[in-house]
Amino acid sequence: MNTTGRIGVISGPDSSAAGAAIAAAVAGWRAEGARVTGVLSEEHGLPDRSCGAGYLRDIESGKRFTIYRDVPAEGTTCHIDAEGVEAACAAVLGRIPASDLVVFNKFGKLEAMHRGLWQALEAAVAAGKPSLLALSEKHAEAFRAFAPDAAWLAPEQTALDRWWDTVREGPAAAAE
C-alpha cells in the first residue's frame, strides 16, 4: 500500500506546540464537515514533573483517558500509564472505517514498542485513512521504519491545511 504523504507528522522539541497546532487544525476541519476521529493530548498541569502527559481526549465523544501514573511502574522512571493509552486506542479503533482522518496525539515510547495507539495507527494505514500525529524525537528512527514516506509538517495552520488539502476525501473535499 502506498502511504506517501498520507501520514502527516509534526516533529520537534516542543510537543505542546505540536499538540496545539493539531488541535486547532482538527477543530477547523471538523467545522468544515470532516469526519475526524482519534485523540488529542492534554497535559496534567502538575508542577515539577519532567513529563507533561496527562490525558488523551477522544475527539468525537470528548471522553478523557488518564495516561499519567502518579508513581512510575516498577523498574522504570516513566509515568506513562500504558493501560490508559490502550483504552483510548480501543475507543478509536471501531470508528476508523467511517472517518476521513485519524489523529493520534503522538508516536512515542509505547508506539515504538508496538503498544499504546499502535493498533489504531496500523488500522488507519491499512484502511488507507490519512493520519496526523506528533512525534517524540527520541523515537524518530522507529517511526521512520514504520512510515518512511510520511509528510513532515511544520506546526503551523498553513502547513497543516496544505497537507489536508492534498490527502482528504469525503464531505469536506466534496463540498468544494
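Looking at Asp161, is it among the charged types (D, E, K, R) and within 17 Å of Ala23 (Cβ to Cβ)?
Taking the combined requirement at face value, the residue satisfies it.
In region 96-116, how many residues are open to solvent by less than 60 Å² (accessible area, probe 1.4 Å) and at pLDDT 95 or above?
So the answer is 6.
Within region 29-49, track down each residue that is open to solvent by 30 Å² or more (accessible area, probe 1.4 Å), over 12 Å from the mean Cα position of the chain (by Cα) and at pLDDT 90 or above.
Arg30, Ala31, Glu32, Gly33, Arg35
Within region 78-92, is even one residue at pLDDT below 90 and on the phi > 0 side of the Ramachandran plot?
No.
Taking the conditions exactly as written (open to solvent by 40 Å² or more (accessible area, probe 1.4 Å), at pLDDT below 90 and outside any loop (DSSP other than H, G, I, E, B)), does Glu74 satisfy them or not?
Criteria not met by Glu74.
Yes/no per residue for (1) part of a helix (DSSP H, G or I); (2) without any contact (Cβ under 8 Å) to a residue 60 or more places away in the chain:
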site: Cys89; (1), (2): yes, yes
site: Ser99; (1), (2): no, no
site: Phe104; (1), (2): no, no
site: Glu122; (1), (2): yes, yes
site: Leu132; (1), (2): no, no
site: Phe143; (1), (2): yes, no
site: Pro148; (1), (2): no, yes
site: Trp164; (1), (2): yes, no
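Do we find that Lys129 is open to solvent by 20 Å² or more (accessible area, probe 1.4 Å) and at pLDDT below 95 in this structure? Working first, answer last.
On the way: open to solvent by 20 Å² or more (accessible area, probe 1.4 Å): yes; at pLDDT below 95: no.
In short, no.
Could you tell me which residue of region 52-66 is modelled with the highest pLDDT, considering only residues that are buried (at least 17 other Cβ atoms within 10 Å of the Cβ) and over 21 Å from Arg95 (Cα atoms)?
If we take residues in region 52-66 being buried (at least 17 other Cβ atoms within 10 Å of the Cβ) and over 21 Å from Arg95 (Cα atoms), then Gly54 is modelled with the highest pLDDT.
The values are calculated or read from the model by the stated rules, or taken from the named source; none is laboratory data. Values in this document were obtained by computation on a predicted structure and should not be read as measured data. Cβ atoms come from the backbone with ideal geometry, glycine included; neighbour counts cover every protein chain shown. Areas reflect the complete protein model, heavy atoms only, side chains present, ligands, DNA and RNA absent. Shrake-Rupley method; radii C 1.70, N 1.55, O 1.52, S 1.80 Å.
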